[in-house]
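Colleague: The structure under discussion is supplied below as structure tokens; questions concerning it will follow.
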Amino acid sequence: DGGERWRLHIPLAAGDPERLTADQCHRLALWYHKLAREDGKLRGRMLERSGDYYALYVERLQRSTDQAEREASEIQADLAKMADRPWIDLLQSIRPQIHSHAGQWRIEGAALHVSAGERARLHLPIAPEGNYEIVAEFVRKSGSGDVNFILPVGQRGVMLCLDDLDGDSWLQNVDGKDLAIANAPPLPAGQPQRLVVTVYQRRNHAQIVVVLNKKELIRWRGPTALLSVRPWWAVPRKEALALGVHRSDVTFKALRLQMLSGRARRLRFSPKVPPAPPRVRLMPGIGIIWK
């Protein structure tokens, strides 16, 4: 009704025009035009305001179009360079005894396997610094828990969650919320999966594209400041790519990385030192004292 329209538009009209989006400018231009038709006394002023906001709308729209065209050109340029950039075989560099953070991980032949457990996590010892694409070929052997990919995005990170215990898939913790992936397929036991994730960054914005078995699941675009990894899934080396698996046996048969821009920095990890056994001392008449 009329009251509702006033409630929606007055705060926008009272604010700073420079902070309005193209859509908001368009709405105000149409609203003032409608007011001009309804009120003959203020017709001139309302039409003037409508014209001002319409000019802002066109300006914002052009700016947005120019930005989209620039970003599209950059992406196409990156794609054109892909043939010159080698693929990095991440499986070859994994040492579970060094790179695992939680869970039971092991190398079986040329594949990486993780046994079902609670929030198993493993670093991939590479920090992508720039735009990149990661390809994962894997199969869930058993279980019904999620398969996760922790993705660095600039100085931030985000986690892609596939087929959790409720059968849902998410881009997790974007602005404090989980973005549900509509119509994401399940990961049936024994069925091979091929995942391709592409991460683009430009200044303080990013685009994340997720494709599973040639089907695009999600294309997210927004400020990198909105991205984070929940503490219970985080790994110590936040700049690293990482895997996470919950209550499922999973085998990763291929993990490859291609930098579309920038470089891939190899990370060094210190070998894990097992805890020293307790010292003992034999006391005459007392027995063994543990220290």
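Colleague: What's the total number of residues in segment 198-215 that are within 18 Å of Ile181 (Cα to Cα), in a strand (DSSP E or B) and out of contact with any strand residue (DSSP E or B) (no Cβ under 6 Å at 6 or more places or on another chain)?
Modeller: Residues flagged as within 18 Å of Ile181 (Cα to Cα), in a strand (DSSP E or B) and out of contact with any strand residue (DSSP E or B) (no Cβ under 6 Å at 6 or more places or on another chain) within segment 198-215 amount to 1.
Colleague: While we're on this one: Please state which of the following conditions Ser93 fails to meet, knowing it meets all the rest: (1) under 23 Å from Arg266 (Cα atoms); (2) modelled with pLDDT under 85.
Modeller: Result: Ser93 passes all but (2).
Colleague: To continue, here is another question. Being touching a residue at least 12 places away in the same chain (Cβ under 8 Å) and over 24 Å from Gln155 (Cβ atoms) is the filter; apply it to segment 171-182 and report the residue that is surrounded by the most Cβ atoms within 10 Å (Cβ to Cβ).
Modeller: Filtering first and then ranking leaves Ile181.
Colleague: If you scan segment 102-122, which residues turn out to be crowded, with 19+ Cβ neighbours inside 10 Å and touching a Pro at 6+ places or on another chain (Cβ under 8 Å)?
Modeller: Scanning segment 102-122 gives Trp105, Leu112, Leu122.
Colleague: Provide a single number: the residues in segment 232-257 that are on the phi < 0 side of the Ramachandran plot, over 17 Å from the mean Cα position of the chain (by Cα) and at pLDDT 95 or above.
Modeller: 10
Colleague: If a residue has to be at pLDDT 95 or above, out of contact with any Gly (no Cβ under 6 Å at 6 or more places or on another chain), assigned to a strand (DSSP E or B) and not hydrophobic (A, V, I, L, M, F, W, C) to count, how many in segment 96-122 make the cut?
Modeller: Final tally of qualifying residues: 2.
Colleague: Does Val273 count as at pLDDT 95 or above and assigned to a loop (DSSP other than H, G, I, E, B)?
Modeller: The answer is no for Val273.
Colleague: Cβ-Cβ under 7 Å, sequence separation 6+ or interchain: first residue in segment 218-241 and in the same structural domain as Phe149 (by TED's automatic domain parsing) and in contact (Cβ under 8 Å) with a residue 24 or more places away in the chain, partner β-branched (Val, Ile, Thr) and outside any strand (DSSP E or B). Which pairs?
Modeller: Short answer, once both residue conditions are applied: Ile218/Ile181.
Colleague: Answer yes or no as to whether Arg281 is at pLDDT 95 or above and either of a type outside the set (Val, Ile, Thr) or not in a strand (DSSP E or B) (or both).
Modeller: Against the criterion (at pLDDT 95 or above and either of a type outside the set (Val, Ile, Thr) or not in a strand (DSSP E or B) (or both)), Arg281 does not qualify.
Colleague: Another question about this same structure. Mind listing whichever residues of segment 83-104 are in contact (Cβ under 8 Å) with a residue 60 or more places away in the chain, under 10 Å from Leu255 (Cβ atoms) and not β-branched (Val, Ile, Thr)?
Modeller: Selection gives Asp89, Leu90, Leu91, Ser93.
Colleague: Does Ala182 qualify as being under 30 Å from Arg203 (Cβ atoms), modelled with pLDDT of 95 or more and more than 12 Å from the chain's Cα centre (by Cα)?
Modeller: Working: under 30 Å from Arg203 (Cβ atoms): yes; modelled with pLDDT of 95 or more: no; more than 12 Å from the chain's Cα centre (by Cα): yes.
Here the answer is no, as Ala182 does not meet what is asked.
Colleague: Can you list the strands (runs of 3 or more DSSP E) lying wholly within segment 140-186 that have 1 or more residues being closer than 15 Å to Val235 by Cβ and outside the structural domain of Leu124 (by TED's automatic domain parsing)? If you could, list the steps in order and put the result at the bottom.
Modeller: Working: elements: 147-153, 156-162, 170-174, 177-180.
In segment 140-186, no matching strands (runs of 3 or more DSSP E) lie anywhere.
The values are calculated or read from the model by the stated rules, or taken from the named source; none is laboratory data. On a predicted model such as this, the values are computed, not experimentally measured, just so you know. We place every Cβ from the backbone using ideal geometry, glycine too, and count neighbours over all the protein chains shown.
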